[in-house]
Structures are given as structure tokens and as C-alpha cells.
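Since the structure comes first, as C-alpha cells, the remarks are kept for the end.
Here, each number is a calculation from the coordinates, and none is a lab measurement. Quick caveat, the model's predicted, so the values are computed rather than measured. FYI the Cβ positions are ideal-geometry reconstructions off the backbone, even for glycines, and counts take in every protein chain you see.
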Amino acid sequence: MNEEMSTIKDMPTNDMFTSGHGACAGCGMAIAVKNIMRILGENTTVYVPASCLIVISAMYPTSNFRTPYLYTAFENTGAVISGMKAAQRRRGISSTVVGLAGDGGTFDIGLQALSGAAERNEDVLYVCLDNEGYMNTGIQRSGATPFGAWTTTSPVGKVVAGKREFKKDLMAIVAAHDPVYAASLSIAHFNDFVKKVEKAKNKKGFRFLHVMTPCVPGWRSDTSMTVEISRLAVETGMWTLYELEDGEARTTYRPRTMLPVTDYLKLQGRFRHMGNDDIAKLQEWLCRKWYLHYGSEVEQPVCAVFEKPRPMRQSEEDHLHFV
Amino acid sequence: MKVKVISADHAVAYGAKLARTEVVPAFPITPQTLIVEQLAEFINDGEMDADFITAESEHSAMSIGIGASAGGVRVFTATSSQGLALMHEMIYAVPQNRLPIVMVNVNRSLGAGAGIWVEYNDSMAERDSGWLQMYVEDNQEALDAILMAFRLAEDRRVMLPVMVCLDGFILSHTVEKVEIMEQEEVDRFLPKYEPLHKLDPAEPMLINPIVPPEYAMEMRYQLDRAVDHSRDVIKEVDAEFAKAFGRSYGGLIDTYQMEDAEFAMLTLGTATGLARGIVDELRKDGKKAGLIKLRFMRPFPFKELCQATKGLKALGVFDRSASFNGGGPVHTEVAAALCNVPVMVTGHIAGIGGRDVTPDHMRQMYDVVERASKGEKVRQVTWHGLRGKME
């Protein structure tokens, strides 16, 4: 496919990630992978580390990928795809080598291999499918889990309720490697999604895509609400759509006004226990993040209760970071 | 053919170059560093056409190697000790996927009581991973082993990774005369690698899926059989190598003065050269001493040992690592191999943490074995060169 895809209408319907896989009803990750693979097409070579994706798509003797597909371990996506690409280059095969890793495999255990591949500017595409926890092993907390969320390792106890730390700013870490292209994606913003995957596919060098993939059992949400939750994440600032290209960062979608975080939280059982104090703490964190992403151009009436939005970092450092 | 005076680390780098290795993932660790430095120089000087990928850890080095080998190219890497331990998880992904990666492990002690000196407790810990594992005695054998290892690994009857182990510092940093073969000669012995499978969109396949209990057992059995099939291939490759280059190392084991021996030692690595000298001394005194050199720890030479020890009264087994269960790993395996052979087997642990194994230590070992051969009661396991008395 040489013509650039610009909207969902241009999407090919030739599935490289086929139906019949074992994902839960309403799985955000399956939606993301199906569409990423449609855009990447048949000339693609896939690596998947330990994750929900490997379990739902590669149970011997079956496979849901119609492309070459390798798995080995949890923490080595950045490394294995580097080796795959080197081999294909030497064998005269020019396919898109893509690693499809989860947030645990990227934010936490796989961070080192990710950094290695990014630092070497390997000609590969790294996709982080972020469902904000170790969902495959039974919903444990990861560095991507948001503040306040219940998981089985951040349980709602009598003394401590939910995760006490905020979500790691992975993209800032990726941006520090000065990648050719990096972008955050939402399955609720499909034209934006298509453009970014297409862009990442056509560039040479290290490319990184970060996709929010709601998890029905892990987030304690309704199977029909996956896309709506993704949409509300952007409207409340829990997720921001942006891209980093040739060293320039820009937001690719600006909400008209900031919605209160409770609009997002109330659809998910993982936040059900949160009291007013914790909600206010999360809201304040979001207000600061919002200001950094959108400046004061986008209205944030919900933040009026907080004295004034303070940048998370020193202003002179702002241009150095992609947040 | 050129002759160079080089260390074993440099010798294996020449081996990897002559083997036309295509991808070299690398992470430095003492005493392996000279290998990756030399390879980087070869590549940057344009003498070797390979992708040198500087990993950010040994775990990633092996992961890159797996990705590249699954992509259908010849892969060489090298590590040591802590690096091998960090790789451990990925070590297990290689044999089951039948990826013919060749790796040098420069033996160095592993874990606390930390040191950078030779001990075999790093590689011995990987002996049940499905990798074929060989130990070399000198720098020439180190180079030759790389070429034989690729021939063996890529043989369709085998298709397994090979770990070539060499003694840290004693070989890795000590120079010796090494013959460097001509590229054309090596090309004839080791043709271009043609993978059976590779990750190619033109022929999509899934490599390394999740395997449920319905299939996993058969896969492990196939791996067990492949390791077993390598026994014959090892002998063939040794014969082919001898034909091509005029040097033979004798397959799974090599023997010295074993024809009429009454007592003998079994050694591996550099201790073998020392033992050979002691056998000569003992023979001069009219004593019927012999020597078995263990070349392959995997596959373990059960049959060959039974044949080699026919007529022998006692065999001492040299171990450069302990199992912390009374003896050493080689001793345990030899004892198992010879359980139906009427020969007394004793264990001899020495050279731990890089301590020199001196001629005196080796004489003591032979002395214990000689006494055992005469029916005298001796220690089951002796630590030689130990300061103070054994319990």
C-alpha cells in the first residue's frame, strides 16, 4: 500500500490478526492489535513477549497472526526485535519488524531492553499496549497503573486503599532517547490512530507507539464501554493524544473542555473505593498535566478549586521533555 | 595459513570471523572482553562483514541472538560467569527452538566470594539446558572448536546451540602459537549457513508458541533425542576437521596412555595439559597411569567412558567446581556413567576461584587414585590445594 491512509475509511480489511483468538469480550488490546496489524499489513514480522496477547493468540498448534511471529520471554522485546531486523536486513527481507508488548513488559521489566533498542536507533516499531497492569497474571499493579486503582497487589485494605503512586511518564523516558517517531494512541480516536500507525510504519529508525487498551476484567468495566472509557480518558486528561516527530512534540487532539475525572472513574470498578481526598489528589495531578499538554488554551473549569495550575517541571526544562 | 601468537580470546574471535558469523550481539564482561573487542575491530576495519549489536545486558545479548537466529543468520556471542547467569532465562529458549547459536563462555567463578578467575560453576549450572557443551584445553583448540561448533550446531540431525567453554585468564589472556586457517579452507569445511526455517513474511510461521501439556512432553523428548544424535555427528565433524586441517581432538573424549592403564584421571579444560605431564612422569617410574580428557559435558560420553575404562582399576575425576553436595558435577556424572563398570571412582576438586592447579596437586590426585587402584581405602572426594585440613 503506497497511498497514505488518512482516515478509517481507507483502512484495509485484510486482517493479519484474525478472529478466533481468546481475548475477553470488550478487550481493548484485541481492538488495537487487530487494527494495527491491518495497517501494517502482510509484510510484517511480529514479536510478542509474555503478555495477554501471546496467550490469546499463540497456543500451539494455532496462531492468530498471519505474519511471521516469534515469542520467547517477558523483558526482551527491544532486544529480540533488534536481532530479527538485523537478520532480515542481511537476508534481503524488508518487512516492518514490530514488537507488541504490554505495559508490564515495557514500563517495568522490559524498560532496559526498550532503552537499548531506542538508544541504538534500531529500525523497528515498538508498540506498548497499555492496560495499566499485569492483567495476564491476574491484575497486579504495574508502573503504568494509575493512582488510586485497585489491583490484586494494590488491594483495598483497611489501612491502604489502592495504588498510592501516580502513573509513570513512560513517553518522557522514550522521548529522552530522541526517537524518530513516538505517539500516543486511543482506540476512541480512529482517524488519529490510523494516521499515527501509518506514519510509524513508513519511517526508518526507532518508532514507538503507546496505546491505551482498556481491560474489562482488570478495570472492572462493562464490555460495551471499552471505547467510551477510552474516549473519556482523553476528555478528562487521563490520556493525551500527541506525537513526537523529528524532535517536535505536538498534541494531535485537543478536548474542548476538561471533564471531571469522576466521569472516567465512575465507569470502572477498580476506582469504586476511592474517597473524596484521593479523587481530589488525582484531579489535581491531572490539572497540572493538562496545563503542560494544552497550556491554558483548553478550558479546565474543574481545576478552579485548586489554587493555580503549577507546571510539573521547571519551565526552562519544558522544551526538553515530551509530556 | 598464518601463525600468530595470540590469546584464546583472540583465537575465538578469529574463529568467529573465519566462520563468517553474520550477527554478533555483544556485552562486555571480564575475561571475555578481548573477544568482543577483537570482533569489533575486525568489523570496523572492514575485515569481517557482520552486524555487531551492542546489547545493554547479557540477557538482551542472547535475546538479540535468538531474534537474529530465528531470522535465519549465523550468530556468535560470548560471555562469562555473571553474564551467563543473567542470560540463564534466554539460554533455555535456544535449544527448544533449535537455534544453532554458538557461544563462548570464558569460565569464571560465579556468585559471592566473587572473583574474576577461572571456575566452572558458571557453565556447569547450564548443563541441563539442552545446549551442547564443550571444554577446550589450549588456544588452538579454542579456535578450532568454534568452527567445529558451527558445523555441529547447524547439522540438520542436531540443530542445537553449542557452548564452547575456556578457562578464564589461563587461556583467555595467555598468548600461545595459534595457526589461523585460510578463509577458503574454512569455507570448504563450513559452508554458508542455510537455515531450515526463518522469520520471513513470504513464508509466515509461528516460532515458540505457548505449548500445552498435550504437546510439551513430545517436544522435550525430541530435544533429548537431538542431543543424543549429536554424539555421532561430533565424531564425524572431528574426522572431517582432521581431514581438512590435520588436527583431531577425538570426539566426545580423548585418551592418553589408556591402553594398559591401571589408574587414570579424567580432566577437562587446561588441567588436561598438566595431567598429561604427570602421566609421563609416572610412566617413567613404571606406573601404569592414564588420562581421559573430557571434551563434551553435553552430550555426556556415557558409552565412551565405559569403553575407555575397561581394565582400569580406579579413575579419579577432576572438578573445577563443587556441587555443595560432597562432590563436583563431573564426578557425579562419571560415577553415574560407570555404575555398572567395576572401577573405583574418586572425586578431586581443585583450582576453585582461580587457585592454581599445580603439578603437586595433580601428583596428589594420581597418588590417591593409584592407592584406590590397589584396593586401599581412600577419600571419596578430595579437595586439593585446600589451606588447612579437610574434615
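Listed values for the stretch A:69-85 are Karplus-derived 3J(HN,Hα) couplings in whole Hz (6.51 cos²θ - 1.76 cosθ + 1.60, θ = phi - 60°), namely 8, 10, 9, 9, 8, 8, 9, 10, 3, x, 6, 4, 5, 4, x, 4, 5, and x replaces Gly and Pro.
Here the stretch B:2-245 carries DSSP beta bridges of which approximately 20% are antiparallel, counting only pairs with both residues inside. Straight Cα distances below 18 angstrom link B:Lys2 to the lysines B:Lys17, B:Lys177, with same-chain residues fewer than 8 positions distant left out.
Bridging of A:Lys203 to lysines at a Cα separation below 17 Å is possible for A:Lys85, A:Lys195, once same-chain residues fewer than 8 apart are set aside.
Let me know the shape class of the stretch B:295-391, please: from the alpha-carbon gyration tensor, a ≥ b ≥ c as square roots of the eigenvalues, rounded when a/c is under 1.5, otherwise prolate if a/b is greater than b/c, or oblate.
Details: a/c = 1.85, a/b = 1.31, b/c = 1.41.
Oblate is the answer for the stretch B:295-391, as a/c is 1.5 or above yet b/c matches or exceeds a/b.
Is the C-alpha gyration tensor of the protein assembly as shown telling us rounded, prolate or oblate? Criteria: a/c under 1.5 is rounded; beyond that, a/b larger than b/c is prolate, otherwise oblate. Taking the square roots of the gyration eigenvalues as a ≥ b ≥ c, the protein assembly as shown is prolate.
If each residue's Cβ is checked for other Cβ atoms within 10 Å, how do B:Arg379, A:Arg207, A:Arg256 rank with the fewest at the top?
Numbers: B:Arg379 12, A:Arg207 26, A:Arg256 8.
The order, fewest Cβ neighbours first, is A:Arg256, B:Arg379, A:Arg207.
In order along the stretch A:28-45, the Karplus-derived 3J(HN,Hα) couplings, from 6.51 cos²θ - 1.76 cosθ + 1.60 at θ = phi - 60°, round to x, 5, 5, 4, 5, 5, 4, 7, 4, 5, 4, 6, 5, x, 6, 8, 9, 10 Hz, and Gly and Pro are given as x.
When the alpha carbon gyration tensor of the stretch A:8-273 is reduced to an equivalent ellipsoid, its three semi-axes come out at 28, 20, 19 angstrom, largest first.
Each Lys and Arg Cβ is given +1 and each Asp and Glu Cβ -1; about its Cα centre, chain B then shows a dipole of about 1360 debye.
What ranking of A:Met29, A:Met84, B:Met217 emerges when the number of other C-beta atoms within 10 Å of each C-beta is taken as an exposure proxy, fewest first? Don't skip to the end; give the middle numbers.
Numbers: A:Met29 26, A:Met84 32, B:Met217 10.
With the sparsest Cβ surroundings first, the list reads B:Met217, A:Met29, A:Met84.
Going from the alpha-carbon gyration tensor of the stretch A:173-281, what semi-axes, largest first and in whole Å, does one get by taking the root of 5 times each eigenvalue?
Numbers: eigenvalues 164, 45, 33 Å².
Listed largest to smallest, the semi-axes of the stretch A:173-281 are 29, 15, 13 Å.
Would you mind checking the pairs A:Lys34/A:Lys204; B:Lys287/B:Lys310; A:Lys163/A:Lys204; A:Lys201/B:Lys198; B:Lys4/B:Lys303 and listing those with alpha carbons more than 27 angstrom apart? As for pairs spanning more than 27 Å Cα to Cα, those are A:Lys163/A:Lys204; B:Lys4/B:Lys303. Under the rule a/c < 1.5 gives rounded, and otherwise a/b versus b/c splits prolate from oblate, where does the stretch A:9-139 land using the Cα gyration tensor? Oblate is the answer for the stretch A:9-139, as a/c is 1.5 or above yet b/c matches or exceeds a/b.
Residues A:Cys24, A:Cys303, ranked from the fewest to the most other C-beta atoms within 10 Å, line up as A:Cys24, A:Cys303.
Annotation: extensible slack from B:Gln307 through B:Glu37 equals 92.9 nm (criterion: 0.36 nm per residue apart, minus Cα-Cα distance). Whole-Hz Karplus values for the stretch A:184-199 come out as 9, 10, 10, 6, 8, 10, 6, 4, 4, 4, 4, 4, 5, 5, 4, 4 Hz, taken residue by residue from phi with 6.51 cos²θ - 1.76 cosθ + 1.60 and θ = phi - 60°; glycine and proline positions read x. What the pair-distance distribution of the stretch B:2-245 shows, using all Cα-Cα distances binned every 10 Å from zero, is 8, 33, 39, 17, 3, 0 percent. If the chain linking A:Glu228 and A:Val156 were pulled fully straight, counting 0.36 nm for each residue of separation and taking away their Cα-Cα distance, it would gain 23.4 nm.
Among the listed pairs B:Lys293/B:Lys313; A:Lys9/A:Lys168; A:Lys167/A:Lys266, those whose Cα-Cα separation exceeds 23 Å are A:Lys9/A:Lys168.
Residues whose amide H comes within less than 5 Å of that of A:Tyr253, counting only those at least five positions distant or on another chain, are A:Leu241 (H built at 1.01 Å from N in the peptide plane). Amide H to amide H, with H built 1.01 Å from N, B:Glu176 comes under 5 Å of B:Ile6, B:Ser7, counting only residues 5 or more places away or on other chains.
Close amide-amide hydrogen proximity is noted between B:Phe52 and B:Val24, each under 5 Å apart and 5 or more residues distant or on a separate chain (H modeled in the peptide plane; Pro and chain starts excluded). Here the spin labels are modelled as points 7 Å beyond Cα on the Cα-Cβ line, and at B:Tyr215 and A:Glu119 they lie 3.7 nm apart.
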